[in-house]
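Novice: Below is a structure I'd like to ask you about.
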Amino acid sequence: MVGMKALAIRVNELEEQLVICIRCGMCQAVCPLFEQTRKEADVARGKLALLDGLTKNMFENAQGVTERLNRCLLCGSCAANCPSGVNALEIFIRARAILTEFQGLSPLKKAVFRGVLAKPATFDRITGWAGRFQGLFTRKDDNPQGTSCARVISPLLKDRHFLPMVPKPFHNAVPKLNTDPGRSGLKVAFFTGCLVDKIFPGIGFATLEVLDHYGVGVYIPETLGCCGIPALASGDTKTFEALVAHNFEQLRRERVDAIVTACATCTSTVKKLWPTLYRPKASSLTRYLQELSEKTMDINDFLVNRIGLDPEMPVEEGGQVTYHDPCHLKKSLGVTEEPRKLLGASGKTVVEMAGADKCCGMGGSFNLFHYDISSQIGNLKQQAIVDTGCSTVATGCPACMMQISDMLAKNGVEMNVKHPIEIYAEALKQRT
């Protein structure tokens, strides 16, 4: 009980934010998890009530609270639609950190996060080995998504149709880059992100091609690491802080006009979570971190609002594309029209799916530990995609691309899954 009292004191640090919740239940209407389970403890209001109970030392089972708190996609739907302005997303992340500090990381998570993820060179080396030898344990599917599945029944992989790591990651092809501004007069730092680097290098190449087309100088540091969201979502602030410190030390070496990413999650993490959840020792670094946050932009946003797109190509016959709004892009950053404009400028006709901004069910580690629910949510999304009759679905988040590819493959749907920047880069090639 002494330990629980100490925990209650720590959680009490969140009380200012907890009391804002008026328990109106608006979050029920938008929570993708609650839609499936109909359990009050799975919705934001229920989780906030659990945390409020911790501050009053009403519970003796911190692990039970942790398990409930981890049953969350961190999609931000509740925060984006809360009439009281409760930032439930930030509250849950902070609470996970407090609970993890109290209970400690599991040996497996400690090994993965602090032994591998926190060390970019080690992470690259291990994932490089995995990319070369994964064929021993997986077999390739015959579908446009390019997914694979396990050769034998696996408790971790289950019946997933996952996108394998590429044999040659993006950082091997482009270990570093530092080009001068061209006709745009602008220079950007390109924050690649783990999924673009190791699973979707084509997105990285397409980004460089489009930036080169517009005469934008590009800076890519040699040793960028993960943005830190996997560790942070698991409450491991030590690994998160180590990655933030490493990355912004790399980024601050070159003066740039913007930091662009092609990953909705990376953009949201760098822009929203780095400046609010990382506390550098030097005040000058705090100021720089805020400046870095203000410069960070999604690639669609950058091209539409800082560069200006080329005149739209003639509408392509049969070129219908539907678009899924990633939660971190629309709900956290308000970027929703820009990807559609990119697709329109590519000669595509965007056919809106029902619930385009509803979560696809990925949620990072949520997909690993709650795959059954993740699949239920994902199947709703794939059905909405199929109902449009399009042959291609686009989205600005590599993690969403993985989830959508899995769901389409499991249902035997022949459909391409693309990032808008890939479609736009291909259109520019055809124009020239």
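The values are calculated or read from the model by the stated rules, or taken from the named source; none is laboratory data. Here the structure is a predicted model, which is why all the values come from computation and not from measurement. Cβ sites come from the backbone with ideal geometry, for glycine too, and all protein chains shown count toward neighbours.
Novice: Of the conditions (1) more than 30 Å from Ile377 (Cβ to Cβ); (2) under 24 Å from the mean Cα position of the chain (by Cα); (3) not in a helix (DSSP H, G or I), Asn305 fails just one. Which one is it?
Specialist: (3)
Novice: Answer with yes or no whether Thr267 is surrounded by 22 or more Cβ atoms within 10 Å (Cβ to Cβ), of a type outside the set (A, V, I, L, M, F, W, C) and touching an Asp or Glu at 6+ places or on another chain (Cβ under 6 Å).
Specialist: Answer is yes for this residue.
Novice: Next question. Quick one: Ala95 ticks every box in (1) of a type outside the set (Ser, Thr, Tyr); (2) more than 20 Å from Phe240 (Cα to Cα); (3) modelled with pLDDT under 95; (4) surrounded by 14 or more Cβ atoms within 10 Å (Cβ to Cβ) except a single one, so which number is it?
Specialist: Ala95 satisfies all of (1) of a type outside the set (Ser, Thr, Tyr); (2) more than 20 Å from Phe240 (Cα to Cα); (3) modelled with pLDDT under 95; (4) surrounded by 14 or more Cβ atoms within 10 Å (Cβ to Cβ) except (2).
Novice: With the structure loaded, tell me whether Gly396 is modelled with pLDDT of 95 or more and out of contact with any Lys or Arg (no Cβ under 7 Å at 6 or more places or on another chain) or whether it fails that test.
Specialist: In short, yes.
Novice: Mind checking which helices (runs of 4 or more DSSP H) fall wholly inside the stretch 335-432 and carry at least 1 residues that are over 30 Å from Gly228 (Cβ atoms)?
Specialist: 337-345, 371-386, 398-410, 420-431
Novice: In a loop (DSSP other than H, G, I, E, B) and modelled with pLDDT of 95 or more: does that describe Val256?
Specialist: It is true that Val256 is in a loop (DSSP other than H, G, I, E, B) and modelled with pLDDT of 95 or more.
Novice: Test Val244 against the stated conditions and say whether it is under 22 Å from the mean Cα position of the chain (by Cα), among the hydrophobic types (A, V, I, L, M, F, W, C), surrounded by 24 or more Cβ atoms within 10 Å (Cβ to Cβ) and part of a helix (DSSP H, G or I).
Specialist: yes
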